[in-house]
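Read through the structure below, which is laid out as structure tokens, and then see the notes.
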Amino acid sequence: MDVNELEKIDNSVFGQITEMGHEQVVFCNDQSTGLKAIIGIHNTVLGPALGGTRMWNYASDTEALTDALRLSRGMTYKAAITCLNLGGCKAVIIGDAAKQKTEAFLRRFGKFINSLGGKYWTAEDVNMKTSDMQYIGMETKYVTGLPETMGGGGDPSPVTAYGTYLGIKASVKKVYGTEDLKGKTVGVQGVGQVGMYLVEHLVKEGAKVYITDISQEKLKKVASASGATVVGMDDIYDLDMDIYAPCALGATLNSATIPRLKCQIVAGAANNQLAEEKKHGYMLMDRNITYAPDFLINAGGLINVYEEYRGDYSRKRTYTTAEKIYETCLQILNLAEDEGISSQEAAIQMAENRIAAIGKIKLPH
Ligand code: NAD
């Protein structure tokens, strides 16, 4: 990018919101509890916006805003491509989850959510638990991710892992002509809530699994339960593997890591895996690596909370909906091939087409 191009980028708050196409961004500030949160409402054409709340010790407010904007846009596409009648949104709370999360803090956040009158529905994300949703739920009904004992869908991670596993199978079908994972080598980065369940599916089907994580404790637990082989955190990128499954944090597909990959497929659960969507989507394509768009194959968690939001939560219906991820993933990979575009671009195109079509039928006639 040359200097002239850099000068054209508008980094102001409204510049960023306009660039990403958001409808509304809400800044929440409460002095008594120290709550500082940003709610990014990206698009509500398909329905009320549903997206989790993440609590993170962001280095700056700008970093928090960028995260809220990127994550909420991803939620719009996730809901659209999964054929859910939901808009896209995400909330971020700025602070130290271990120190700041108290009943009053969470209930104050619940009051902010309530003030949006149902335009935004929340759920768990990083550093937020089902018990936190219970406190938020004391101040608003616009909350999902509640425990099963309270009529909620409980932990969404097993459904997310199942959808990711189906996305891996669809990608394997596309590349190798058969969806069989027996003998395939998979590197799973991050064996937290989702990664742990994903490893179970892969091992059960006879894949050879390599795992890495910051937490030695989690590695030990997952390795001894599954027989997976532990590798170093940086070694995962150089591994001789068929499939790389990022299941930790975002932006691990970037200009430094993509040239190192020796795999045929990238398919994992982490949100926003591509550091720069367009550039790195095409970098993978140029290296002949098939990429299963993250916002599609990790949609199991959203499907789980969607069922809860609709009322009358059914685990069976949740899994039946999640099963569609396999066909949609194949459809996207074929569309990308037919049109000579990156799979990320094909997925966004498909999601935007649905939003445009449904948007039209909502206009007065
Ligand atoms: P988690 O926090 O339980 O697990 C993440 C794991 O990654 C942790 O064990 C952490 O130690 C590890 N990790 C962090 N940085 C790492 C690094 N550099 N190298 C190796 N390991 C590292 O989170 P989760 O719920 O399992 O979610 C995993 C990813 O999937 C996140 O990006 C999340 O946004 C996304 N996701 C989760 C769900 C869900 O239902 N939980 C749904 C959709 C998307």
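Within segment 308-365, the residues that satisfy the criterion of being open to solvent by less than 50 Å² (accessible area, probe 1.4 Å), in a loop (DSSP other than H, G, I, E, B) and over 22 Å from Ile168 (Cα atoms) are Gly311, Tyr313, Ser314.
Of the residues making up segment 228-268, those that are open to solvent by less than 20 Å² (accessible area, probe 1.4 Å) and assigned to a strand (DSSP E or B) are Ile243, Tyr244, Ala245, Pro246, Leu253, Ile265, Val266. Does Gly118 count as open to solvent by 10 Å² or more (accessible area, probe 1.4 Å), touching a Phe, Trp or Tyr at 6+ places or on another chain (Cβ under 7 Å) and assigned to a loop (DSSP other than H, G, I, E, B)? For Gly118, the condition - open to solvent by 10 Å² or more (accessible area, probe 1.4 Å), touching a Phe, Trp or Tyr at 6+ places or on another chain (Cβ under 7 Å) and assigned to a loop (DSSP other than H, G, I, E, B) - is met. Quick check, is Ala91 crowded, with 24+ Cβ neighbours inside 10 Å, touching a residue at least 40 places away in the same chain (Cβ under 8 Å) and in a helix (DSSP H, G or I)? No: the conditions fail for Ala91.
For segment 98-115, a residue qualifies if it is open to solvent by 20 Å² or more (accessible area, probe 1.4 Å) and either assigned to a helix (DSSP H, G or I) or aliphatic (A, V, I, L, M) (or both), and the qualifying residues are Ala98, Lys99, Gln100, Glu103, Ala104, Arg107, Arg108, Lys111, Phe112, Asn114, Ser115.
The set of residues in segment 126-150 that are out of contact with any helix residue (DSSP H, G or I) (no Cβ under 6 Å at 6 or more places or on another chain) and open to solvent by 30 Å² or more (accessible area, probe 1.4 Å) comprises Val126, Lys129, Thr130, Ser131, Gln134, Gly137, Lys141, Glu148, Thr149, Met150.
Residues that are open to solvent by 20 Å² or more (accessible area, probe 1.4 Å) and either within 11 Å of the ligand (Cβ to nearest atom) or among the β-branched types (Val, Ile, Thr) (or both) within segment 196-227 comprise Met196, Tyr197, Val203, Asp213, Ile214, Ser215, Gln216, Glu217, Lys218, Lys221, listed in sequence order.
The values are calculated or read from the model by the stated rules, or taken from the named source; none is laboratory data. Note that the structure is predicted; figures quoted are calculated from it, not measured. Reconstructed Cβ throughout: ideal geometry from the backbone, glycine too, with neighbour counts over all protein chains shown. These accessible areas exclude ligands, DNA and RNA; they are computed on the full protein's heavy atoms, side chains included. Shrake-Rupley method; radii C 1.70, N 1.55, O 1.52, S 1.80 Å.
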